[in-house]
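K.L.:
Below is the structure I would like to discuss, written out as structure tokens.
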Amino acid sequence: MLLIAAIVILSILRYFEIGPFAELSWWWIGGLFGITFVWFEFGERALGLDKRKAHEQLEKARKERVSKTFKK
């Protein structure tokens with residue numbers, strides 16, 4: 001998510017030609033897009049981060065169901 005925020009901020013600064021970013025090449029921003037795509041498409045899967053996030057969501061939903069059941 002940090003890469004996405006950096007891309008958005010750099011794009012805005014470059015588009016409005018603010019400060020030293022007026023000279024920044026669009027290729028740098030495009031390169032960050034490419035790196036971000038590769039990370040989210042392949043890197044997270046290779047490290048198992050996507051499965052861990054899904055497992056955490058399922059575990060949270062299970063705990064909520066159990067707490068609702070025993071509160072009654």
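K.L.:
Keeping to the stretch 34-63, report how many residues are open to solvent by less than 90 Å² (accessible area, probe 1.4 Å) and either assigned to a helix (DSSP H, G or I) or of a type in the set (Lys, Arg) (or both). Even if it seems obvious, please write down each step before you answer.
P.N.:
Taking the stretch 34-63 first, the residues open to solvent by less than 90 Å² (accessible area, probe 1.4 Å) are 34, 36, 38, 40-41, 43-44, 46, 48-50, 54, 59, 61.
Within this subset, residues satisfying the condition of being either assigned to a helix (DSSP H, G or I) or of a type in the set (Lys, Arg) (or both) are 34, 36, 38, 40-41, 43-44, 46, 49-50, 54, 59, 61.
Result for the stretch 34-63: 13.
K.L.:
Does the stretch 16-33 hold any residues that are loosely packed, with under 10 Cβ neighbours inside 10 Å and either in a helix (DSSP H, G or I) or at pLDDT below 90 (or both), and which are they? Spell out the reasoning first.
P.N.:
In the first step, residues of the stretch 16-33 are kept if they are loosely packed, with under 10 Cβ neighbours inside 10 Å; the result is 19-20, 23, 25, 27.
Of everything in the stretch 16-33, those that are loosely packed, with under 10 Cβ neighbours inside 10 Å and either in a helix (DSSP H, G or I) or at pLDDT below 90 (or both) turn out to be Gly19, Pro20, Glu23, Trp27.
K.L.:
Also: Go through the stretch 1-15 and give me each residue that's surrounded by 11 or more Cβ atoms within 10 Å (Cβ to Cβ) and either without any contact (Cβ under 8 Å) to a residue 24 or more places away in the chain or charged (D, E, K, R) (or both).
P.N.:
Keep residues of the stretch 1-15 that are surrounded by 11 or more Cβ atoms within 10 Å (Cβ to Cβ), which gives 3-4, 6-15.
Scanning the stretch 1-15 gives Val8, Ile9, Leu10, Ser11, Ile12, Leu13, Arg14, Tyr15.
The values are calculated or read from the model by the stated rules, or taken from the named source; none is laboratory data. Since we're looking at a predicted model, the values are computed, not measured. As a convention, Cβ positions derive from the backbone with ideal geometry for all residues, glycine included, and neighbour counts pool all protein chains shown. Heads up: the accessible areas ignore ligands, DNA and RNA and are worked out on the full protein's heavy atoms, side chains in. Shrake-Rupley method; radii C 1.70, N 1.55, O 1.52, S 1.80 Å.
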